[in-house]
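K.L.:
This is the structure I want to talk about, given as structure tokens.
None of the figures in this text is laboratory data; all of them are computed from the coordinates on show. On a predicted model such as this, the values are computed, not experimentally measured, just so you know. Cβ placement follows ideal geometry from the backbone for every residue including glycine, while neighbour counts extend to all protein chains displayed.
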Amino acid sequence: MGIIGTIVVGLIVGALARLVMPGDQKMGWILTCLLGIGGSVLAGFIGQALGWYQAGQGAGWIASVLGAVLLLFVVGKFRGGSSS
């Protein structure tokens, strides 16, 4: 997938994660896109560690959204915000 495709998928995954996660996450579309990309990467690493994905195989949509939600949760805990 090219860089534009990665950005678009990251934006969609990040937006879905923000919709699923309760609370108010104050971030613009660039941080939402980075959140989605980070969630996909995190889901890929966890999936490979658990044997769900092969090396070089990307995570699925649901796993990517769950990874992004996990990132939002962890960042909310470090910030001390009300995202949980």
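K.L.:
Taking the chain as a Gaussian network, Cα atoms linked when under 10 Å apart, which of 56, 67, 14 shows the biggest mean-square fluctuation?
P.N.:
56
K.L.:
Report the net charge of residues surrounding residue 79, where surrounding means a beta-carbon distance below 13 angstrom and charges are Lys +1, Arg +1, Asp -1, Glu -1. Kindly include the intermediate steps, with their values, before the conclusion.
P.N.:
Working: positive: 26, 77; negative: 24.
Once positives and negatives cancel, what remains is +1.
K.L.:
Taking the chain as the reference, fit the longest principal axis to its C-alpha atoms, fit the long axis of helix 29-49 to the helix C-alpha atoms, and give the angle between the two in degrees, 0 to 90, nearest 10.
P.N.:
So the inclination is approximately 50 degrees.
K.L.:
Could you give log10 I(q)/I(0) at q = 0.22 Å⁻¹ for the stretch 30-78, computed by the Debye formula over C-alpha point scatterers of equal weight, without solvent?
P.N.:
Treating every Cα as an identical point scatterer, log10 I(q)/I(0) equals -0.70.
K.L.:
Of 69, 41, 20, which is the most mobile in a GNM of the chain whose springs link Cα atoms less than 10 angstrom apart?
P.N.:
Looking only at 69, 41, 20, the largest GNM fluctuation is found for 20.
K.L.:
Need the full-extension length gain, residue 20 to residue 49, defined as separation in residues times 0.36 nm minus the C-alpha distance. One decimal, nm. Write out the running numbers ahead of the final one.
P.N.:
Working: separation 29, 0.36 × 29 = 10.44 nm, distance 2.50 nm.
Roughly 7.9 nm would be gained on extension.
K.L.:
Relative to the present Cα-Cα distance, how much length would full extension add between residue 30 and residue 6 at 0.36 nm per residue of separation?
P.N.:
On the way: separation 24, 0.36 × 24 = 8.64 nm, distance 1.27 nm.
The residue 30-residue 6 span can extend by a further 7.4 nm.
K.L.:
Moving on to the next point. Between 0 and 90 degrees, rounded to the nearest ten: what's the tilt of helix 3-20 against the longest Cα principal axis of the chain?
P.N.:
Roughly 50 degrees between the two axes.
K.L.:
Then there's this: With runs of 4+ DSSP H residues as the only contributors, calculate the mean residue ellipticity of the chain at 222 nm using -39,500 (n - 2.57) per run, divided by the residue total and rounded to the nearest 500.
P.N.:
On the way: 3 runs with 58 residues, N = 84.
Value at 222 nm, helices only: -23500 deg cm²/dmol.
K.L.:
Among 49, 17, 68, which one moves the most in a GNM of the chain with springs linking Cα atoms closer than 10 Å?
P.N.:
49
K.L.:
In the set (i) 17, 48, 29, 6, 0; (ii) 18, 54, 26, 3; (iii) 21, 50, 25, 5, which value of P(r) over Cα pairs in 10 Å bins from 0, in percent was calculated from the structure you see?
P.N.:
Correct label is (iii).
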